[in-house]
1. Can you find a residue that is surrounded by 19 or more Cβ atoms within 10 Å (Cβ to Cβ) and at pLDDT below 95 anywhere in segment 123-130?
2. Restricting the search to segment 142-158, which residues are surrounded by fewer than 21 Cβ atoms within 10 Å (Cβ to Cβ) and out of contact with any helix residue (DSSP H, G or I) (no Cβ under 8 Å at 6 or more places or on another chain)?
3. Sort out which residues of segment 139-183 are closer than 26 Å to residue 114 by Cβ and at pLDDT below 85, and write them in order of number.
4. Among the residues of segment 3-25, which ones are in contact with a strand residue (DSSP E or B) (Cβ under 9 Å, 6 or more places away or on another chain), in a helix (DSSP H, G or I) and not basic (Lys, Arg)?
5. What are the residues in segment 60-73 that are surrounded by fewer than 17 Cβ atoms within 10 Å (Cβ to Cβ) and modelled with pLDDT of 90 or more, if any?
6. Among what's in segment 74-114 and is over 14 Å from residue 49 (Cα atoms) and in contact with a helix residue (DSSP H, G or I) (Cβ under 7 Å, 6 or more places away or on another chain), pick the residue that is modelled with the lowest pLDDT.
7. Is at least one residue of segment 52-59 surrounded by fewer than 16 Cβ atoms within 10 Å (Cβ to Cβ), aromatic (Phe, Trp, Tyr) and at pLDDT 95 or above?
Amino acid sequence: MIDRLTFPSEEAAFAYFDRLHPVPAVELVGLWKGSEISTGHPFDGVLENLGWYGKRFRADMRADALLFKKDGCSLVPIDPSPVPLGLAFRFHRLGRTEAARTLFSHLIKHLRATGPVASLRMIRFRGEVSAAMVYDSKPVADHFRKIDTDRLIGVMSIQGHDGHFFFQLERVTEPGPSLSNAT
């Protein structure tokens, strides 16, 4: 179970992030359960409201960047390419509502990825070279630092936007929800 990190601001979250050690991309291989870290970013509360589960990193350095829970028993990898980032920022408050959760539960089958949608790379960010996940079709990178062997903090940076979205990941070491093959 993830002990939820909280910070009063992006600056405080970065102060913590900057003290952590880099993580090699090969150490990320596997399934990770995620949770948001609230810092006042427009996306705070949106992903979890929509049923975000976490991420899966593959040995070939490809990634299922956004795994969502479907019906509470399976995981569905989502392709974010059809979702305009500008629209997501403009209507972020709507993303925290029950109506958005209901709508997303119906749209999930249309957003299902047909394969990995991102790649793992080693990238310099805030003075350290560490693992990062770069989306194939969006100007987005998630930068990672190691809290400990089984926990990471991630920072989503979006080209053209000043703020950063923070989240944490915990390695899944016991059987959890299965990845759905159904559309």
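1. no
2. So in segment 142-158, the residues surrounded by fewer than 21 Cβ atoms within 10 Å (Cβ to Cβ) come out as 146-151, 153, 156-158.
Within segment 142-158, 147, 148, 149, 150, 151, 156, 157 qualify.
3. Those that are closer than 26 Å to residue 114 by Cβ and at pLDDT below 85: 175, 176, 177, 178, 179, 180, 181, 182, 183.
4. Taking segment 3-25 and keeping what is in contact with a strand residue (DSSP E or B) (Cβ under 9 Å, 6 or more places away or on another chain), we get 3-7, 10, 13-14, 16-25.
Now drop any that are not in a helix (DSSP H, G or I), which leaves 10, 13-14, 16-19, 25.
Across segment 3-25, the qualifying residues are 10, 13, 14, 16, 17, 18, 25.
5. Within segment 60-73, the subset surrounded by fewer than 17 Cβ atoms within 10 Å (Cβ to Cβ) is 60, 71-73.
Hit for segment 60-73 is 60, nothing else.
6. Taking the candidates together, the pick is 82.
7. Just the residues of segment 52-59 that are surrounded by fewer than 16 Cβ atoms within 10 Å (Cβ to Cβ), to begin with: 58-59.
Narrowing the set further to residues that are aromatic (Phe, Trp, Tyr) leaves none.
Checked against the condition, which is being surrounded by fewer than 16 Cβ atoms within 10 Å (Cβ to Cβ), aromatic (Phe, Trp, Tyr) and at pLDDT 95 or above, segment 52-59 yields no hits at all.
The values are calculated or read from the model by the stated rules, or taken from the named source; none is laboratory data. Remember, predicted model here, so these are calculated numbers, not experimental data. Positions of Cβ are generated from backbone atoms using ideal geometry, with glycine treated the same way; all protein chains shown enter the neighbour counts.
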